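S.K.: To start, I am sharing the structure in question, which I have written as structure tokens.
The values are calculated or read from the model by the stated rules, or taken from the named source; none is laboratory data. Quick caveat, the model's predicted, so the values are computed rather than measured. Cβ atoms come from the backbone with ideal geometry, glycine included; neighbour counts cover every protein chain shown. What goes into the accessible areas is simple: the full protein's heavy atoms, side chains included, and nothing from ligands, DNA or RNA. Shrake-Rupley method; radii C 1.70, N 1.55, O 1.52, S 1.80 Å.
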Amino acid sequence: MLIHPWDAASEEEALAFVRASEFGHLIAAGRGRDVPVVVPTQFLLADASTVLLHLARPNPVWAAIEENPAVLLSLAGDWAYVRGAWKALPDRGEDPRLGIPTTYYAAVQLVCHAEIVDDAEGKAEILRAQLARLDDGLADPAEHRRSLPGIRGLRLAIQKIDGKFKYGGNVDEAHRRYVAERLAERGGPGDEAARGHLLRRLG
């Protein structure tokens, strides 16, 4: 994806967004395919270099991963439409009709090497890690041994992190704060999260 210098995220900032979301699209290009296989999925960022997840055995992504273990995990969110008029400051006499609208959003792409986990204990370990994060207190996954053959696990080794936080970094502070005020006033879906990123990045 295109990342302008003013939108670029540090690895720490990008991974914080990944950790807060832990849902994205796993993309496997395979070899010689017309289009890649794209799978929306929950996952666990186990540490700064490892992602864990599991998927149903019939999922078409497995064949693509077996052809080529290089995969992409893509996340995007905290988006908000910014009206053109919000890009013009009234106290500077800027014409709101000439304001250029945009969309604010965060996006992170993790380039990974995928390792398929097929042994029962390895899959149980992945499930334990995910449940500890999401639904602690359930029975140990080993108690579902009859169900384990129906899934396969994935361990993704992160090789590259690309983070983009497009929240008006190309304009001055006054313009960004004016947009932040408008987002607070509108209070629509995504506005609060986008405003939070905008103000945090003003730092």
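S.K.: Would you please name the residue that is farthest from the chain's Cα centre (by Cα), looking only at residues in region 182-203 that are open to solvent by less than 60 Å² (accessible area, probe 1.4 Å) and charged (D, E, K, R)?
M.R.: Filtering first and then ranking leaves Arg182.
S.K.: Is there any pair linking a residue in region 125-139 that is under 14 Å from His54 (Cα atoms) and in contact (Cβ under 8 Å) with a residue 24 or more places away in the chain to one that is open to solvent by less than 70 Å² (accessible area, probe 1.4 Å) and assigned to a helix (DSSP H, G or I), with Cβ under 6 Å and at least six apart or on different chains, and which?
M.R.: Leu127/Pro141
S.K.: Still on this structure, please answer the following. When only residues in region 58-87 that are part of a loop (DSSP other than H, G, I, E, B) and open to solvent by 60 Å² or more (accessible area, probe 1.4 Å) count, which is farthest from Leu156 (Cα to Cα)?
M.R.: Within region 58-87, the first condition is being part of a loop (DSSP other than H, G, I, E, B), and the residues that meet it are 58-60, 68-69, 83.
In the following step, the residues that additionally are open to solvent by 60 Å² or more (accessible area, probe 1.4 Å) were identified as 58, 60, 83.
Details: Pro58: 19, Pro60: 17, Arg83: 39 Å.
Among residues in region 58-87 that are part of a loop (DSSP other than H, G, I, E, B) and open to solvent by 60 Å² or more (accessible area, probe 1.4 Å), the one farthest from Leu156 (Cα to Cα) is Arg83.
S.K.: For region 148-189, which positions are on the phi > 0 side of the Ramachandran plot and free of Cβ contacts under 8 Å to residues at least 40 places away in the same chain? If you could, list the steps in order and put the result at the bottom.
M.R.: So in region 148-189, the residues on the phi > 0 side of the Ramachandran plot come out as 168, 187.
Selection gives Gly187 alone.
S.K.: So Leu148 ticks every box in (1) at pLDDT below 95; (2) open to solvent by 40 Å² or more (accessible area, probe 1.4 Å) but one. Which box is left unticked?
M.R.: Condition not satisfied by Leu148: (2).
S.K.: With of a type in the set (Asp, Glu) and either open to solvent by less than 30 Å² (accessible area, probe 1.4 Å) or over 29 Å from the mean Cα position of the chain (by Cα) (or both) as the only criterion, which of Asp135, Asp91 stands out? So that I can check it myself, show each step before the final result.
M.R.: Numbers: Asp135 fails: either open to solvent by less than 30 Å² (accessible area, probe 1.4 Å) or over 29 Å from the mean Cα position of the chain (by Cα) (or both).
Among Asp135, Asp91, only Asp91 is of a type in the set (Asp, Glu) and either open to solvent by less than 30 Å² (accessible area, probe 1.4 Å) or over 29 Å from the mean Cα position of the chain (by Cα) (or both).
S.K.: Follow-up. Consider Ile116 against the criteria (1) surrounded by fewer than 19 Cβ atoms within 10 Å (Cβ to Cβ); (2) closer than 21 Å to Lys164 by Cα; (3) under 26 Å from the mean Cα position of the chain (by Cα): it satisfies all of them except one. Which criterion is unmet?
M.R.: (2)
Listed here are the residues, each with its yes/no results for (1) in contact with a Cys (Cβ under 8 Å, 6 or more places away or on another chain); (2) of a type in the set (A, V, I, L, M, F, W, C); (3) in contact (Cβ under 8 Å) with a residue 60 or more places away in the chain.
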{"residue": "Asp7", "(1), (2), (3)": "no, no, yes"}
{"residue": "Phe23", "(1), (2), (3)": "no, yes, no"}
{"residue": "Ser49", "(1), (2), (3)": "no, no, yes"}
{"residue": "Pro58", "(1), (2), (3)": "no, no, no"}
{"residue": "Pro90", "(1), (2), (3)": "no, no, no"}
{"residue": "Val108", "(1), (2), (3)": "no, yes, yes"}
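S.K.: The conditions are (1) touching a helix residue (DSSP H, G or I) at 6+ places or on another chain (Cβ under 9 Å); (2) modelled with pLDDT under 95, and Ile116 fails exactly one of them. Which is it?
M.R.: (2)
S.K.: Do the conditions hold for Leu198, that is, is it under 17 Å from Ala76 (Cα atoms), of a type in the set (A, V, I, L, M, F, W, C) and modelled with pLDDT of 95 or more?
M.R.: On the way: under 17 Å from Ala76 (Cα atoms): yes; of a type in the set (A, V, I, L, M, F, W, C): yes; modelled with pLDDT of 95 or more: yes.
Against the criterion (under 17 Å from Ala76 (Cα atoms), of a type in the set (A, V, I, L, M, F, W, C) and modelled with pLDDT of 95 or more), Leu198 qualifies.
S.K.: Let me ask another. Given the criteria farther than 30 Å from Val171 by Cα and touching a strand residue (DSSP E or B) at 6+ places or on another chain (Cβ under 9 Å), does Ala76 qualify?
M.R.: Numbers: farther than 30 Å from Val171 by Cα: no; touching a strand residue (DSSP E or B) at 6+ places or on another chain (Cβ under 9 Å): yes.
For Ala76, the condition - farther than 30 Å from Val171 by Cα and touching a strand residue (DSSP E or B) at 6+ places or on another chain (Cβ under 9 Å) - is not met.
S.K.: Just for region 30-57: of the residues that are open to solvent by less than 50 Å² (accessible area, probe 1.4 Å) and part of a loop (DSSP other than H, G, I, E, B), which one is nearest to Ala114 (Cα to Cα)?
M.R.: Gly30
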